Amino acid sequence: MRHSAAHVMAAAVCRLFPDVKLDIGPATDAGFYYDFDLKQRLAPEDFVAIEAEMAKIVKENAPFERFESTREEAAKLLGARGQTFKLERLSDIPQGEIISFYRCGDFTDLCRGPHVACTGDIKAFKLTSVAGSYFRGIETNPMLQRVYGIVAPTEKDIRIQLERIEEARKRDHRKLGKELDLFSIQDDVGPGLIHWHPKGARVRSIIEDFWRKEHFRNGYELLYTPHIGRAKLWETSGHLQFYKENMYSPMDVDGGDYFPKPMNCPFHIQIYKTSMRSYRDLPLRWAELGTVYRYEKSGVLHGLLRVRGFTQDDAHIFCTQDQIEGEIAAAVKFALRVLRAFGFESVTAYLATKPAKAVGDDAHWVRAIASLENALRAVNVAYETDEGGGAFYGPKIDLKIKDALDREWQMGTIQFDFNLPEKFDLAYIGDDGKEHRPYMVHRALLGSIERFFGILVEQYGGAFPTWLAPEQVRVLPLSEQVTDYGAKVLDVLKAADIRATLDTRSEKLGAKIRRAQTDKVPYMLVVGPKEMEAGLVAVRARTEGDIGAVPVAEFVARVLAEGPPHGG
């Protein structure tokens with residue numbers, strides 16, 4: 001239905017703007033969109049006319065009719081209509097593959113389908129926004145206009161979706177990042193490169209400190225590796241063969257090429273190779289918060305969610321065949337505990353199996369997939385199978401969360417790798433005195449710190465739980481006469497490692513409270529002459545309002561009890 005609604009929208013635009021050139025119009029998880037090349041710049045005010053024309057097409061109840069074409073006939077049809085972008089899309093279809101069109105009424109589109117039976121099957125729809133989009137996502141190509149919409153079985157469902165869209169707009173991490181002074185992206189530095197402001201950096205440090213403690217508790221050691229490496233390293237790993245378009249240009253160092261690292265794994269392997277390992281040394285669990293650099297096209301950059309430089313929550317496990325199943329099970333349990341500690345209770349596992357193009361013999365793949373399945377069963381995690389969704393070098397488990405708006409996000413990954421141990425000739429000495437190839441697992445819990453932080457901001461709408469809040473407490477003196485007492489309270493809070501500030505502005509209490517609420521501070525402590533005399537603080541919580549006056553020590557205990565959670 002979403003895909004069919006995209007066709008109906010394109011048909012309506014063609015009727016209203018006969019000179020329009022079309023690109024693509026796919027369904028998305030949230031609805032649909034279509035990319036147009038139009039002389040007129042569309043605005044939300046134009047949606048009324050487009051929606052009215054769409055309603056006419058739906059009422060016409062025209063069937064969606066599929067027909068096939070030769071490449072020559074298709075090129076002639078599209079060329080006669082001046083559809084240059086469609087002609088380029090036609091050239092993308094591999095030789096020998098069927099070329100198909102779909103017709104509904106007076107609109108015909110190059111399309112694989114499928115569609116609903118007829119336009120009348122589209123019951124309720126709404127256009128939501130318009131944005132610029134480069135053709136093929138390449139910034140040197142023409143800028144098109146991408147119109148987004150939603151479709152649903154009933155108007156009530158549309159209203160529910162619109163409410164969700166509005167809530168998502170309020171929670172947008174880019175909007176809140178600016179309002180709460182968390183981070184920025186500076187044009188003078190470059191797109192996709194994040195500047196962490198003090199408040200955002202404070203939250204990041206809390207996340208990273210928690211991450212480190214949990215890794216030590218779970219038997220990992222931490223590594224730090226360089227940001228650049230010789231071309232030979234990336235040739236051996238295969239990145240220059242398979243990933244070069246996402247790598248930045250090399251720099252000349254002493255007459256040789258060095259590349260900024262897009263991944264950390266080759267560096268961890270180099271550490272493994274610094275000595276001959278024994279089976280007694282294994283498993284080795286090595287983790288790193290390693291900053292990597294990947295070239296992303298400007299058209300896909302999106303706040304913190306898609307960037308060009310980011311810190312990857314990375315780990316690699318080197319182990320024997322006998323250890324692999326237990327290591328996978330432990331990694332899944334660890335990932336679930338950490339994600340739930342941050343408030344993500346709904347976690348779904350996906351087992352991605354062997355793709356059409358893969359390295360390694362079939363026996364390795366069968367054994368690896370069985371190990372992943374057994375590990376998921378051992379920790380009693382429900383999972384779905386993603387047939388053919390594995391990487392070319394091994395199968396994997398993907399963990400996806402649902403946030404407060406029921407949106408699904410890809411998070412942790414636990415991935416076999418047959419490729420790199422072979423390419424780098426890794427070995428260990430077994431109990432038989434002979435060399436054996438270790439198993440290698442790539443493992444991430446949070447993905448990238450930048451992306452995870454963006455998701456956290458939207459999950460909580462910027463109102464972080466107390467243990468994560470950059471400012472946990474704000475002390476609000478009623479007057480200058482009690483400012484010194486407020487400073488003493490502040491000292492007690494800081495001595496307990498509570499993140500607190502003192503608001504000494506000469507404003508009324510109501511204004512101070514409103515400012516603290518806007519800044520999403522979990523607790524406000526009002527102090528006046530009565531509180532000073534009794535050695536108390538009047539507690540006001542962000543969510544509960546006034547709680548009452550309590551001794552400072554009692555309030556400190558309350559805050560400390562609210563985190564951080566122990567992931568296990």
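Nothing in this text is a laboratory measurement; each read-out follows from the coordinates by a stated rule. Keep in mind that this is a model prediction, so the values were computed, not measured. Note: ideal-geometry Cβ built from the backbone for every residue, glycine included; neighbour counts use all protein chains shown.
What to note about this one:
- Cα centroid separation - the stretch 441-492 against the stretch 358-415, whole Å: 34
- Computed over the stretch 84-207, Cα set: Rg, Dmax in Å: 21.1, 59
- Order by protection proxy (mean Cβ within 10 Å, highest first), peptides 378-388, 225-235, 304-314: 304-314, 225-235, 378-388
- In this structure, the pairs whose alpha-carbon distance is over 19 Å, taken from LYS175/LYS512; LYS21/LYS86; LYS508/LYS530; LYS261/LYS297, are LYS175/LYS512.
- Whole-Å semi-axes of the stretch 259-358's equivalent ellipsoid (Cα gyration tensor): 27, 21, 15
- Sorting 516-526, 478-488, 199-209 by average packing, meaning the other beta carbons within 10 Å per residue, from highest down gives 516-526, 199-209, 478-488.
- All-pairs alpha carbon distance profile, the stretch 2-171, 5 Å steps from 0, percent: 1, 8, 17, 21, 21, 16, 9, 4, 2, 0
- Calculated diffusion of the chain, Stokes-Einstein form, Kirkwood radius summed over Cα pairs, 4 °C and 1.567 mPa s, µm²/s: 47
- Packing-based exposure ordering (other Cβ within 10 Å, fewest first) of VAL20, VAL366: VAL366, VAL20
- Among the listed pairs LYS76/LYS357; LYS232/LYS273; LYS39/LYS76, those whose Cα-Cα separation exceeds 26 Å are LYS76/LYS357.
- Rough spin-label spacing in nm, given labels placed 7 Å along Cα→Cβ, for ARG558 and ARG159: 3.9
- Counted charge near LEU493, where neighbours are those whose Cβ lies closer than 12 Å (Asp, Glu -1; Lys, Arg +1): +2
- Arranged from fewest to most other beta-carbon atoms within 10 Å of their beta carbon, ASP254, ASP37 become ASP254, ASP37.
- Ranked for footprinting exposure by Cβ neighbours inside 10 Å, fewest first, TRP286, TRP365 give TRP365, TRP286.
- Unsatisfied cross-links (Cα-Cα over 31 Å) in the set LYS156/LYS402; LYS170/LYS400; LYS56/LYS178; LYS123/LYS170: LYS56/LYS178
- Judged by the mean number of other Cβ atoms found within 10 Å, the most tightly packed of the peptides 532-539, 330-337, 490-497, 430-437 leads the ranking 330-337, 532-539, 490-497, 430-437.
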